[in-house]
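No value in this document is a laboratory result; all are computed from the given coordinates. This one's a predicted model, so the numbers in the text were calculated from it and none came from an experiment. Here the Cβ is made from the backbone with ideal geometry for all residues, glycine too, and neighbour counts use every protein chain on show.
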Amino acid sequence: MTKNHEERKILKAGFLGCPGLQADIQEKLSGLYDGLVSGKEAFTGWATLPGRDNSGELSRILSAASKIRKDSEALVIIGIGGSYLGARAALEMLNTWKPDPDGPEIFYAGQNISGTYHADLRQQLRGKDVSLCVVSKSGTTTEPNIAFAVLKDMLIEKYGKAKAAERIYAITDPTAGSLRAEADAEGYESFVIPPDIGGRYSVLTPVGLLPMAAAGADVESVLAGAVRAAEPDLRAVAGSVAATRKALIDSGKTVEVFEQYEPSLFYFTEWMKQLFGESEGKDGKGLFPAAVSFSTDLHSLGQFLQEGNQIFFETLLDVKELPRDLTAPQSADPLLAGKSMNEVNRAALEGVIAAHRAADIPLIRIEIPDLSPYSFGQMVYFFQLVCALTGKLMGVDPFNQPGVEQYKKEMKRLLRV
Ligand code: PA5
C-alpha cells in the first residue's frame with residue numbers, strides 16, 4: 001500500500017438524533033485547541049507529541065524490540081491503568097490486522113493483584129526465554145511493583161542477576177520514583193515517559209511504542225496516523241464530537257456507551273473507559289463510560305438499551321474494512337448460507353442502529369477505516385483530543401485524577417496494620 005493511499009483513509013464521524021451545535025462552537029474549540037498546544041498548560045505534552053522529533057528515541061525502541069524478538073519466547077508487559085491499557089489496546093488490534101507468528105508470546109502482569117493470576121502466569125512462563133517490560137510513570141504503584149518483584153526473582157533464578165538485568169526494560173519518569181532509581185542502579189535499558197504526559201495519554205510514548213514494536217507492529221505508521229489526526233480537518237471532527245458530547249450532557253444524558261462489533265477492539269474501549277472516566281469524572285460531573293461488545297452483549301444488555309432507562313447515548317466504533325472473512329456454509333440457516341460473516345455482522349450493526357433510532361437513542365458513529373497501525377494512531381490522538389476538549393467545555397481539568405489516590409491511601413493504611 002502506498003503512503004498516499006494510506007493517507008486517504010481517515011476517521012469520520014456521523015451524528016444521529018444528537019442535539020444541534022452552537023454556531024460559534026468551532027471558534028471556541030479552536031481557542032481551546034490553541035491552549036492545548038501552547039505549551040503553557042500542564043500535562044498537555046500529548047497534544048504536540050506527534051509532531052515532535054523523536055527519531056533518536058524511536059531507533060532505541062526499535063533496537064530494544066529487535067533484541068526482545070531475537071532472544072525471547074515470551075514478553076511480559078507489567079503495568080496498570082494508563083501504563084497497561086494503551087499497549088494492550090494496540091496489540092490486540094494490530095495483531096488482528098497483521099498476526100505476528102515470529103514474535104514473542106505476549107503476557108500481562110501487574111494489571112491486578114491476584115496471587116492466583118500471577119502464580120499461574122509464573123507457571124506458564126516456566127521453560128521459556130522471557131523478557132520483562134515494566135511500565136510505571138510514578139514508579140511506585142502497588143500492582144506493578146509486586147508483579148515486577150515476583151517476575152524479576154524468577155528471571156534472576158534462571159539467568160543470574162547480570163543476565164536477568166539485560167532482559168528487563170523499564171519505562172518510567174526520567175528522574176523520580178523507585179523504578180527509575182532501580183533502572184539506573186541495575187543498568188536496565190530504560191525509556192522515559194515525558195513528565196508533561198499523564199498515564200492515560202501516554203500510548204504514543206515508549207509506554208505503547210516499545211510493546212508494539214516488540215510485537216512486530218509498524219510503529220512509524222502508528223505515529224503517522226497520529227500526525228494525520230492532528231491536522232485541522234480531523235481536529236474539527238474531534239471538536240464536533242466533543243461539542244456533541246457536551247450538548248448530550250446538557251440534555252440530561254449521564255452515561256456514554258462505547259460499542260464495537262470486532263473483538264479485537266475490546267481493549268480499545270477499555271482504554272477509552274479509562275481515558276474518559278478518569279479525565280471527566282470529577283467535581284460531581286462527567287459521563288459514566290460504559291463499553292459493550294456487539295453482537296455478544298446484544299444478548300445480555302440489548303433489552304436495557306432498547307427499552308430501559310434512557311440515561312445514555314451511544315458512541316459506535318464502526319470498522320469499514322476488515323482483514324479476513326468467512327462464508328457461511330450451505331448447512332447454515334437459509335438466510336445466512338452463502339453470506340460473508342462480515343456482511344452478517346454489518347447487518348447486525350445497521351439493524352441495531354435502525355432499532356435504536358426508533359427508540360430515539362442518540363448515536364455518535366465513528367467510522368474507522370480499518371484495523372491498521374495508521375488507523376490506530378489516528379484513533380488514539382482523535383479520542384485524546386475529544387476527551388480533552390469535552391473536559392474543557394465541561395469546566396473540569398481533564399489531566400488530573402485526584403480521586404484515584406483515595407483508595408490507595410486506605411489500602412496502604414490496611415497493609416501497615
Ligand atoms: O492514568 C493514570 O494516571 C493512571 O491510570 C496510572 O496510569 C495508573 O495508576 C498507573 O500509574 P503508574 O504508571 O504511575 O504506575
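Brief remarks follow.
- Local electrostatic count, GLY199, Cβ distance below 10 Å [Lys/Arg +1, Asp/Glu -1]: +1
- Among the listed pairs LYS12/LYS285; LYS152/LYS412; LYS128/LYS152, those beyond 20 Å (Cα-Cα): LYS12/LYS285; LYS152/LYS412
- Kirkwood hydrodynamic radius of the range 192-335, from inverse mean 1/r over distinct Cα pairs, in Å: 18.1 Å
- Sites matching GluC sites (Glu not before Pro) across the range 48-129 that sit in DSSP coil, with at most 14 neighbouring C-beta atoms within 10 Å: GLU73
- Cα-based Kirkwood hydrodynamic radius, the chain, one decimal, Å: 22.6 Å
- As a rough footprinting exposure proxy, the listed residues ILE197, ILE311, ILE78 were ranked by other beta carbons within 10 Å of their own, and the order from fewest upward is ILE311, ILE197, ILE78.
- Annotation: the antiparallel percentage among DSSP beta bridges lying fully within the chain is about 15.
- Each of HIS356, HIS299, HIS118 was scored by other Cβ atoms within 10 Å of its Cβ. Listed from fewest to most, they are HIS299, HIS118, HIS356.
- Gyration tensor (alpha-carbon) shape descriptor, the range 3-52, a/c threshold 1.5: oblate
- Three-way shape label, the range 46-217, alpha-carbon gyration tensor, a/c 1.5: rounded
- Positive-end residue, the range 1-135 charge dipole about Cα centroid, Cβ charges, pick of ILE25, ASN95, LEU125: LEU125
- Per-residue Cβ neighbour rank within 10 angstrom, fewest leading, VAL130, VAL396: VAL396, VAL130
- Think of each Lys and Arg Cβ as +1 and each Asp and Glu Cβ as -1; about the Cα centre, that makes the dipole of the range 46-217 roughly 100 debye.
- Only DSSP H runs of four or more residues enter the estimate; each adds -39500 (n - 2.57), and after division by the residues of the chain the mean residue ellipticity at 222 nm equals -15500 deg cm²/dmol.
- Across the chain, the relative contact order, built from alpha-carbon pairs under 8 Å that are at least six residues apart, equals 24 percent.
- Highest GNM mean-square fluctuation among ASN95, ASN145, ASN345, for the chain modelled with Cα contacts below 10 Å: ASN345.
- Around the Cα centre of the chain, unit charges on the Cβ atoms of Lys, Arg, Asp and Glu (plus for the first two, minus for the last two) sum to a dipole of about 720 debye.
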